[in-house]
């Protein structure tokens, strides 16, 4: 979810919390839930099951891992607390962005050395790999590989675009620096002062992608259990034991792919992982359908767009000419209804030709943030990729850029569980490290948004 968002205490979301194996899962009132093809009919886990690899979580990472394992002929079971795509994978803005939110390639190398270089290569190719996967399996995900553009909101921030072009060009990414005129042509707005363009990016219907990946995994022979929150994972001898309320999976290897929802259903699942990721509530919004005459004047070539504001301005088209955007609430407890007016006003500042703006869909979801500075909790940190034990791996900290990356990391994690040498993989491993004052950070972070807005307004 590419949005600067409000950090709030994480509790199991009311909509769709699977209270039992027989309880239906309620989806958020999102555009994606209204338009995505139905997901597969799945059973809950009951009884004792054996597998070579068990994957916890049926979002992008978990499903990608399962697909790559089945392509290699490996027996895999996926255990999901709700339904495939119910969490962040099915709630985000659907922008496919092959970069990190706050760090360029040199920062990854400085932090992780050769592993950072391999990770950069994975990230560089991640958008292309996602779209190739969609095409390979003919997934009906409304995929549009029109590129991703990051306009700069002040003349001074143009240096950021120049730096990103230099760094990503140096490792072979298809990027381009845009001047003000080119940015205006690409976005349909005079609001920005230039920008950064990656031609491999784009956007998808994220829930349709998640459900499509689940269908692919099933067709390849994976087993997926739904409405089965995992209560714990333990090592017994040379096997991993994953337990739910009504069953268990015993497997040689394990992948944890729960991110911001790690402790949403069961607090004891992976305490060390849950403690290092800060759940962020991100609001997404979709306008009413826009007429073709107006739509062709706003991001006319349909790129994904997210700019350099600290409180991010972002938008993309869906397949029905709706602008899909979002915003952040300042006060805890404020939500979608509070955002309708300010986000509409923002769109009109960018594109006055829209006229009256109304939103047909407003929804939210949690993403995983891993801030590196406790005093700046909304400044994106680095992803955290961990070896959890023998033949066990996981990652958290998408920091708003997981759509592209998660598909490629699923491939890398699948290879890791098969014994591929770690020095050949794009997995910069680290030890779990708890966020200092995590609960306090979640409560006070919304108060930073007015400051960020003031800084954005003053920046030249």
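The values are calculated or read from the model by the stated rules, or taken from the named source; none is laboratory data. All figures in this text were calculated on a predicted structure; none of them were measured in a lab. Every residue, glycine as well, gets a Cβ built from its backbone with ideal geometry; the counts of neighbours run over all protein chains shown.
Details
- Output for segment 322-339, where each listed residue is in a loop (DSSP other than H, G, I, E, B), at pLDDT below 95 and crowded, with 19+ Cβ neighbours inside 10 Å: 328, 329
- Residue list for segment 264-312, restricted to those being at pLDDT below 85, outside any loop (DSSP other than H, G, I, E, B) and touching a strand residue (DSSP E or B) at 6+ places or on another chain (Cβ under 7 Å): 278, 279, 280, 281
- Scanning segment 41-81 for residues that are farther than 24 Å from residue 94 by Cβ and assigned to a loop (DSSP other than H, G, I, E, B) yields 41, 43, 44, 45, 46, 72, 73, 74, 75.
- Check on residue 134, touching a strand residue (DSSP E or B) at 6+ places or on another chain (Cβ under 6 Å), assigned to a helix (DSSP H, G or I), at pLDDT 95 or above and more than 22 Å from residue 416 (Cα to Cα): no
- Test: residue in segment 108-125 that is in contact with a helix residue (DSSP H, G or I) (Cβ under 8 Å, 6 or more places away or on another chain), modelled with pLDDT of 95 or more, on the phi > 0 side of the Ramachandran plot and outside any helix (DSSP H, G or I): no
- For segment 390-415, the candidate set comprises residues that are out of contact with any helix residue (DSSP H, G or I) (no Cβ under 7 Å at 6 or more places or on another chain) and at pLDDT 95 or above; within that set, the residue that is farthest from residue 282 (Cα to Cα) is 390.
- Checked against the criteria, residue 147 counts as over 16 Å from the mean Cα position of the chain (by Cα) and under 19 Å from residue 406 (Cα atoms).
- Number of the exception - residue 44 against (1) in contact (Cβ under 8 Å) with a residue 60 or more places away in the chain; (2) closer than 16 Å to residue 221 by Cβ: (2)
- Being modelled with pLDDT of 95 or more, in contact with a strand residue (DSSP E or B) (Cβ under 6 Å, 6 or more places away or on another chain) and buried (at least 23 other Cβ atoms within 10 Å of the Cβ) is a description that applies to residue 251.
- Segment 76-117, residues that are touching a strand residue (DSSP E or B) at 6+ places or on another chain (Cβ under 6 Å) and surrounded by fewer than 24 Cβ atoms within 10 Å (Cβ to Cβ): 77
Rundown of residues vs (1) surrounded by fewer than 20 Cβ atoms within 10 Å (Cβ to Cβ); (2) within 21 Å of the chain's Cα centre (by Cα), yes/no style:
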residue: 369; (1), (2): no, yes
residue: 380; (1), (2): no, yes
residue: 402; (1), (2): no, yes
residue: 407; (1), (2): no, yes
residue: 412; (1), (2): no, yes
residue: 415; (1), (2): no, no
residue: 420; (1), (2): yes, no
residue: 428; (1), (2): no, yes
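- Helices (runs of 4 or more DSSP H) enclosed by segment 142-253 - at least 1 residues per element that are out of contact with any helix residue (DSSP H, G or I) (no Cβ under 8 Å at 6 or more places or on another chain), touching a residue at least 12 places away in the same chain (Cβ under 8 Å) and over 17 Å from residue 62 (Cβ atoms): 158-170, 180-187
- Annotation note: of 210, 222, the sole residue that is under 30 Å from residue 83 (Cα atoms) and out of contact with any strand residue (DSSP E or B) (no Cβ under 9 Å at 6 or more places or on another chain) is 210.
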